[in-house]
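Structure first, commentary second.
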Amino acid sequence: LTWSFQLRSGVTFSDGTPLTAEEAATSLNLARSAQSRFAGRLSGVRSVAAEEGAVTVVLSAPNGALPALLDIPIVKGDGDAPLGTGPYVLEGGEAPRLATRSGWWQNKSLPVDAIPLRSIREADDLIYAFDTGDVSLVTADLTGTNALGFAGDYEVWDYPTSTMLFIGYNASSGPCADAALRRALDRGFDRTTAAVALLSRHAQAAALPVPPDSPLYDETLAQRRSYSPQALSELLTQAGYEKDGDGLWGKGRRTLALTFLVNTDNTFRLAVAEYLAEELTRSGITVDLQKLSWADYQKALSAGKFDLYLGATALSADFDPGLLTKAGGSLNFGAFQSGEIGALLAAYQRASGAERESAARSLWEGLEREVPFTVLCFKNQSVLTQWGAVSGLSPTQNNPFSGIENWTLGS
């Protein structure tokens, strides 16, 4: 519940003043405010205070992975351009730029002395500026809603994100209220085709609610949930379903028919839903794929008028799936409830270090039994650069300039 962070000595802001616990605490408290983009991830923080050169964070519930949530800028001052501790400093005027900071505390060489900044308001203007070389680096979600269409020769540097595509189930009514059916359907989704073909390799197929390169990803458990039409058929039989003369699955005289919701605002996700619905149909399951506007999609989810839906969410950096499994969770539209999963989730949230891997495995095993949702993949986003302009990029979800000291500029 209580964490104490001792600040590294020798860190200075760009004006040469030292980083202090008071400024760190002030920045974290600012990040907790309702209007901050960081408010959601810090919702479990009860208080932040500076105490004898350290920053103390008190939580409302135990979280063994709190440090993963704290990749938040620590700044000095307020206004439009507060001071930071990084390698560049903002210089304003008619031609604003990021200029190399003298006395940067990490004392590493940097590839460029200055980075000119361009103010661009319209998507078409950004595309034109990049195509003509006026802008040499952009970040982009190439499979996002209203994705921009860049042309010409450019290099793509993908980086993983915490955005998870998943299938949600109505666990309170209809056929999917049966965990046995959910376990069967979990084996009927071709994650690899969705990630590689339909999302143009800008995603990583996954069967667990953490990305495949995470130390919490258990490959053995993931393989047990891999796509298998044969396993789908066997598990449907175990759940009490059988095929009729037309090759359709059902129980007694009732055909297994599922209402599948997808939002039409994102063409890539729509293509994924269409493919998955076709796969289920070919297996003998009757699927009504309802393609809805964003407003109608939200209404249908809130009203529980679905059996399954295709969703996407940006998980927090501690990869807590509680929003999908806890009563009242913001994405628990199917009203899933399980005391066992609640206890496993609480143990996972508390654990840290090696214990977290063990707790994660127990939680993944519980989710395999209950299947409140099916993970399909984790999306990548991209940094685009002019061809040959720069090499050595290692962008991250929150910092496309991560490791800039290792960049090499081309011609």
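Quick note: the coordinates plus some simple rules give every number you see, no bench work behind them. None of these values were measured; they are calculated from a predicted model. Methodologically, a virtual Cβ is constructed for each residue, glycine included, from the backbone with ideal geometry; neighbour enumeration extends over all protein chains shown.
How long are the three semi-axes of the equivalent ellipsoid for the stretch 160-380, computed from the Cα gyration tensor as the root of 5 times each eigenvalue, in whole Å, largest first?
26, 20, 18
Which one of T132, N399, A359 has its Cα pushed farthest toward the positive end of the charge dipole of the chain, where Lys and Arg give +1 and Asp and Glu give -1 at the Cβ?
A359
Find which of G174, L216, A31 sits farthest along the positive direction of the dipole of the chain, computed with +1 on the beta-carbon of Lys and Arg, -1 on that of Asp and Glu, about the Cα centre.
G174
For the stretch 229-243 and the stretch 82-111, what is the separation of their Cα centres, given in Å?
61 Å
Assign unit charges at the C-beta atoms only (+1 for Lys and Arg, -1 for Asp and Glu), then state the dipole size of the chain relative to its Cα centre in Debye, rounded to the nearest 20.
Charge dipole, the chain, about its Cα centre: 1060 debye, nearest 20.
Counting other Cβ atoms within 10 Å, keep those with at most 11, restrict to DSSP loop, and tell me which trypsin sites (Lys or Arg not before Pro) in the stretch 312-411 are left.
Listed in order of number, the matching sites amount to none.
What list of ³J(HN,Hα) values in whole Hz, one per residue of the stretch 100-107 in order, does the Karplus curve 6.51 cos²θ - 1.76 cosθ + 1.60 (θ = phi - 60°) give from phi, with Gly and Pro shown as x?
These are the phi-based 3J(HN,Hα) values: 4, 8, 6, x, 4, 5, 7, 6 Hz.
Neighbour counts of other C-beta atoms within 10 Å: give me D213, D320 arranged from fewest to most.
The most exposed by this proxy come first: D213, D320.
Relative contact order, percent, of the chain when contacts are C-alpha pairs under 8 Å separated by at least 6 residues?
Relative contact order, the chain: 22 percent.
So if we plug the beta-carbon distance of S33 and T12 into 1/(1 + (r/R0)^6) with R0 = 35 Å, what FRET efficiency do we get, rounded to 0.05?
Plugging the Cβ-Cβ distance into 1/(1 + (r/R0)^6) gives 0.85.
Determine ³J(HN,Hα), in whole Hz, for all residues of the stretch 55-66 in sequence, where each value follows from phi through the Karplus function 6.51 cos²θ - 1.76 cosθ + 1.60 and θ = phi - 60°; x replaces Gly and Pro.
10, 9, 10, 10, 9, 8, 8, x, 9, x, 10, 3
5 Å is the cut-off here: which amide hydrogens, built 1.01 Å from N in the peptide plane, fall below it relative to V390, excluding neighbours closer than 5 in sequence?
For V390, whose amide H was placed from the backbone, the distant partners under 5 Å are G410.
What distance in nm separates the simple spin-label points at L117 and T2, each placed 7 Å from Cα in the Cβ direction?
Going from the L117 label point to the T2 one covers 4.1 nm.
Please sort by residue number the chymotrypsin sites (Phe, Trp or Tyr not before Pro) in the stretch 359-405 whose DSSP state is loop and whose Cβ has at most 16 other Cβ atoms within 10 Å.
Those that pass, being in a loop and sparsely packed, are W387.
Relative contact order for the stretch 1-85 using alpha-carbon pairs under 8 Å, separation at least 6, rounded to a whole percent?
In percent, rounded to a whole number, it is 36.
Greater than 32 Å separation of Cα atoms is the criterion. Which listed pairs, K251/K291; K326/K379; K299/K379; K251/K379; K299/K326; K76/K379, meet it?
The pairs that break the limit, which is 32 Å between Cα atoms, are K251/K379; K76/K379.
If I compute percent of Cα pairs over 38 Å apart from the structure I just sent, which labelled value in (i) 23; (ii) 31; (iii) 35 lines up?
It is the one labelled (ii).
Could you put R8, R282 in order, starting from the residue whose Cβ has the fewest other Cβ atoms within 10 Å?
R8, R282
Once you place label points 7 Å from the Cα toward the Cβ at T220 and A389, how far apart are they in nm?
Spacing of the two 7 Å Cα→Cβ label points: 4.8 nm.
Just subtract the alpha-carbon distance of Q397 and S60 from 0.36 nm times their residue separation and send over the number in nm, one decimal.
Working it through step by step, the gained length comes to 118.6 nm.
Pop the C-beta distance of L90 and L323 into the FRET formula with R0 = 25 Å and round what comes out to the nearest 0.05.
0.10
Assuming R0 = 30 Å, can you tell me the calculated FRET efficiency for the pair T100 and D71, based on Cβ-Cβ distance, to the nearest 0.05?
After rounding to 0.05, the efficiency reads 0.80.
Between K251 and A147, what is 0.36 nm times their sequence separation minus the Cα-Cα distance? Round to one decimal in nm.
Values: separation 104, 0.36 × 104 = 37.44 nm, distance 4.33 nm.
Net length gain for the segment: 33.1 nm.
Let me know the volume per residue of the alpha-carbon convex hull for the stretch 30-86, in Å³.
Considering the Cα atoms of the stretch 30-86, their hull volume per residue is 109 Å³.
Taking amide H positions as placed in the peptide plane 1.01 Å from N, state which residues far from V75 in sequence (5 or more) or on other chains have amide H under 5 Å from it.
S27
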